[in-house]
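So the structure is just underneath, and the comments pick up after that.
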Amino acid sequence: MQYTEAQHLFAGATVLHELAPLRVAELTSRPDGDLAALLVPADGGPADGATRLRVFDPKDGVLLSTEHTVSWTVHYQERAYRRPGYTSTELRAPYVVRSHWPFKTPHVVVTRLVEHHRTIAAVPIALTDLPGPGEACEVTPEGGKVFYRRLNGGPGVLRTGDEVRSHLAHLQNVHDGEHCRLMRLPVHAPEMGRCRMCVLHPSELTVLRVTVSESNYDIDVEDLPDCDYALAPEAAFNRVTEPPVPQSRRSAPRRSQSSALFPPAVAGL
């Protein structure tokens, strides 16, 4: 999940508002400088008209429930020994891709440029809707990864319903055994959500179901976005949701291109 300022919201963004995933259907600038956002259910269901319009100060922090990222890997082959290779990490900035060393090394042929699209969606889930005891990790019909986590706290990945229940039980045991005794509070579950030693805010105990979907596409260097740095949330959303750029037919692997065709890397980055 990704925090952003309201001034960076865009039509199509999915935000977590009052622990509900809502899609920004429309944005309007008000005369006083605030932003009026028309929020509708992310799943397309009906919405109460009184709760659909939300006014944000441009500097308000907003939590994006769905995050899109775009990155690239460069695959190459040595001319003499035909040994294949590829970038060990995904490159996020287009200028880094354009100026990457395989494109500028005479004895290397670039064979593929792969664009990776990743969508991470986090939706609150009730404890009763978690997988039952002993059930394995969830997988989406499309093969996407599914895991769980708490909102703004706890382990980054809880793989199964059993791990979620075990983590919450551990928090409860610590609270009952230590915090309640120190704070002289009644020992029962609701108090854990009000204990600042356990969580800063009760909503941190909210369990999120996180789905990670990935797609990969072969593209040409000329198809890279016309920017230098990593794509901002709106640009990444547009890149992921638009139809992929069709790959041009090539009868042979693309040869290394002259370094003069690519801008130098920005100093210090």
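Structure above, values below:
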item: Failed item in (1) polar (S, T, N, Q); (2) under 22 Å from the mean Cα position of the chain (by Cα); (3) not in a strand (DSSP E or B), with S166 passing the rest; result: (2)
item: Residue within region 67-83 that is within 16 Å of A232 (Cβ to Cβ), in contact with a Ser or Thr (Cβ under 7 Å, 6 or more places away or on another chain) and surrounded by 19 or more Cβ atoms within 10 Å (Cβ to Cβ) present; result: yes
item: From the options T87, T128, T111, residue that is touching a residue at least 60 places away in the same chain (Cβ under 8 Å), out of contact with any helix residue (DSSP H, G or I) (no Cβ under 7 Å at 6 or more places or on another chain) and either over 19 Å from Q2 (Cβ atoms) or not β-branched (V, I, T) (or both); result: T111
item: Count - residues of region 1-29 that are in a strand (DSSP E or B) and without any contact (Cβ under 8 Å) to a residue 12 or more places away in the chain; result: 2
item: Candidates L168, L158 - the one that is surrounded by 12 or more Cβ atoms within 10 Å (Cβ to Cβ), in contact with a helix residue (DSSP H, G or I) (Cβ under 9 Å, 6 or more places away or on another chain), modelled with pLDDT of 90 or more and over 16 Å from C198 (Cα atoms); result: L158
item: Residues within region 94-111 that are assigned to a loop (DSSP other than H, G, I, E, B) and surrounded by fewer than 19 Cβ atoms within 10 Å (Cβ to Cβ), tallied; result: 5
item: Evaluation of E138 against (1) at pLDDT 90 or above; (2) assigned by TED's automatic domain parsing to the domain that holds C198 (one fails), failing number; result: (1)
item: Only listed residue being touching a His at 6+ places or on another chain (Cβ under 6 Å) and in the same structural domain as E234 (by TED's automatic domain parsing), chosen from R112, R98; result: R112
item: Residue match in region 106-116 (condition: among the hydroxyl-bearing types (S, T, Y) and more than 30 Å from V15 (Cα to Cα)); result: yes
item: Failed item, numbered, when P141 is tested on (1) in a helix (DSSP H, G or I); (2) closer than 30 Å to V70 by Cα; result: (1)
item: Qualifying residue in region 118-127 (condition: under 30 Å from Y86 (Cα atoms), outside any helix (DSSP H, G or I) and in contact with a Phe, Trp or Tyr (Cβ under 7 Å, 6 or more places away or on another chain)); result: no
item: Residue identified as at pLDDT 90 or above, over 28 Å from the mean Cα position of the chain (by Cα) and farther than 30 Å from P41 by Cα among V97, V74, V110, V114; result: V110
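The values are calculated or read from the model by the stated rules, or taken from the named source; none is laboratory data. What you are looking at is a predicted structure, and each value in this text was computed from that prediction instead of being measured. Positions of Cβ are backbone-derived with ideal geometry, glycine not excepted, and every protein chain shown enters the neighbour counts.
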